[in-house]
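The next block holds one structure in the form of structure tokens; read it before the comments.
The values are calculated or read from the model by the stated rules, or taken from the named source; none is laboratory data. Source: prediction; values computed, not measured. With ligands, DNA and RNA removed, areas are computed over all heavy atoms of the protein, side chains included. Shrake-Rupley method; radii C 1.70, N 1.55, O 1.52, S 1.80 Å.
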Amino acid sequence: MSKLTGKVAVVTGASKGIGAAIAKALAAEGAAVVVNYASSKAGADAVVAAITAADGRAVAVGGDVSKAADAKGIVNAAIETFGRLDILVNNSGVYEFSPIEEITEEHFHKQFNTNVLGVLLTTQAAVGHLGEGGSIINVSSVVSRITPPASAVYSGTKGAVDAITGVLARELGPRKIRVNSINPGVVVTEGTQSAGIIGSDLDAWALAQTPLGRLGQPDDIASIAVFLASDDSRWMTGEHVVASGGMR
Ligand SMILES: NC(=O)c1ccc[n+]([C@@H]2O[C@H](COP(=O)([O-])OP(=O)(O)OC[C@H]3O[C@@H](n4cnc5c(N)ncnc54)[C@H](OP(=O)(O)O)[C@@H]3O)[C@@H](O)[C@H]2O)c1
């Protein structure tokens with residue numbers, strides 16, 4: 001039997017990048033998956049098509065995680081379509097870089113709304129449906145420790161995600177719900193490509209600091225999400241799993 005047979009997962013921001021790889025990997029281990037997207041319906045539909053072509057179960061559900069009603073709608077789709085919820089992957093995220101002199105309210109709210117408020121609202125919507133053995137996985141970043149220059153807001157959001165992960169691990173532990181984060185280094189995704197990170201000075205700097213000598217790929221992160229979703233990690237909660245090829 002596969003590791004996640006009979007389980008149901010919600011993956012936010014699964015229309016592309018790391019979220020899409022996590023959705024496919026959870027489905028390959030037997031989970032039925034809600035593939036959330038904000039604007040890229042075609043991307044989410046393609047992820048669902050890939051899962052169903054491999055005999056998995058998935059549904060695409062639109063919604064902005066920074067809106068409470070949307071967060072509830074994303075979670076309710078899991079209950080309505082698949083009848084239960086076991087795994088929540090809070091992956092949706094946006095990243096922008098700016099020196100301190102150029103930070104604006106818009107730059108702050110855009111990133112904190114999606115990366116932090118979105119985690120809180122989606123977890124709040126999900127928590128009443130998660131029973132004993134439930135697993136929440138927050139996709140944070142290695143930036144919360146590395147603190148690169150010109151990333152005060154983005155790194156601040158991921159520092160908040162790390163703290164929230166620890167708080168909720170304590171808060172939900174008595175209900176036997178585990179909460180962990182994955183903290184990736186630079187990963188080649190649609191997002192890092194369109195943001196101009198891949199091929200930039202930041203990319204070269206990250207590569208030079210990476211003992212394993214390459215950038216991350218979405219599948220490098222997805223296999224860790226499967227581990228944290230499954231019973232293999234049953235004795236882990238409140239952990240921050242750094243996945244960066246050794247960059248620290
Ligand atoms: N790539 C990296 O190097 C890296 C490193 C460390 C951590 N991370 C973290 O990993 C996560 C995914 O990054 P990625 O590089 O895969 O990003 P990506 O390729 O840009 O994909 C981002 C995903 O998030 C969704 N999204 C954005 N805003 C949303 C909102 N308000 N509500 C719901 N969904 C929303 C997007 O949906 P639509 O496309 O439908 O709009 C998309 O599916 C983020 O949390 C990021 O901070 C990435």
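Nearest 500 deg cm²/dmol is fine: what mean residue ellipticity at 222 nm does the chain get from its DSSP H runs of n ≥ 4 alone, each adding -39,500 (n - 2.57), divided by its residue count?
Counting only the DSSP helices, I get -13000 deg cm²/dmol.
Amide H neighbours of Gly134 under 5 Å, counting only residues 5+ apart in sequence or on other chains, H built in-plane at 1.01 Å?
Those lying under 5 Å, H to H, from Gly134 are Arg178.
Kindly give Rg over Rh for the range 8-243, based on alpha-carbon atoms, with the Kirkwood expression for the hydrodynamic radius.
Details: Rg = 16.7 Å, Rh = 17.6 Å.
Ratio value, two decimals: 0.95.
Anything over 18 Å Cα to Cα? Flag those among Lys7/Lys158; Lys7/Lys176; Lys24/Lys110, in the order listed. Don't skip to the answer; put the middle values down first.
Details: Lys7/Lys158 28 Å; Lys7/Lys176 16 Å; Lys24/Lys110 28 Å.
From Lys7/Lys158; Lys7/Lys176; Lys24/Lys110, over 18 Å: Lys7/Lys158; Lys24/Lys110.
If you take the square roots of the eigenvalues of the alpha-carbon gyration tensor of the range 70-209 and sort them as a ≥ b ≥ c, do you get rounded (a/c under 1.5), prolate (a/b over b/c) or oblate?
Prolate.
Taking H placed 1.01 Å from N in the peptide plane, check which residues at least 5 places from Val241 or on another chain put their amide H under 5 Å from its amide H.
Ser181, Ile182, Asn183
Measure off, as a whole percent, the carbon and sulfur share of the 1.4 Å-probe accessible area of the chain, all protein chains present.
54 percent
Would you work out if the range 107-177 is rounded, prolate or oblate? Take a ≥ b ≥ c from the square roots of the eigenvalues of the alpha-carbon gyration tensor; rounded if a/c is under 1.5, else prolate when a/b is larger than b/c, oblate otherwise. Write out the running numbers ahead of the final one.
Values: a/c = 3.38, a/b = 1.93, b/c = 1.75.
Here the range 107-177 falls in the prolate category.
Would you mind working out the accessible area per residue for the range 8-243, using a 1.4 Å probe, and quoting it in Å²?
44 Å²
Between the alpha-carbon centers of the range 203-229 and the range 99-166, tell me the distance in whole angstrom.
Between the Cα centre of the range 203-229 and that of the range 99-166, the gap is 19 Å.
Checking the a/c ratio against 1.5 first, then a/b against b/c, what shape does the Cα gyration tensor give for the range 18-121? Show your work: numbers first, answer last.
Values: a/c = 2.64, a/b = 1.90, b/c = 1.39.
Since a/c reaches 1.5 and a/b is larger than b/c, the shape of the range 18-121 is classed as prolate.
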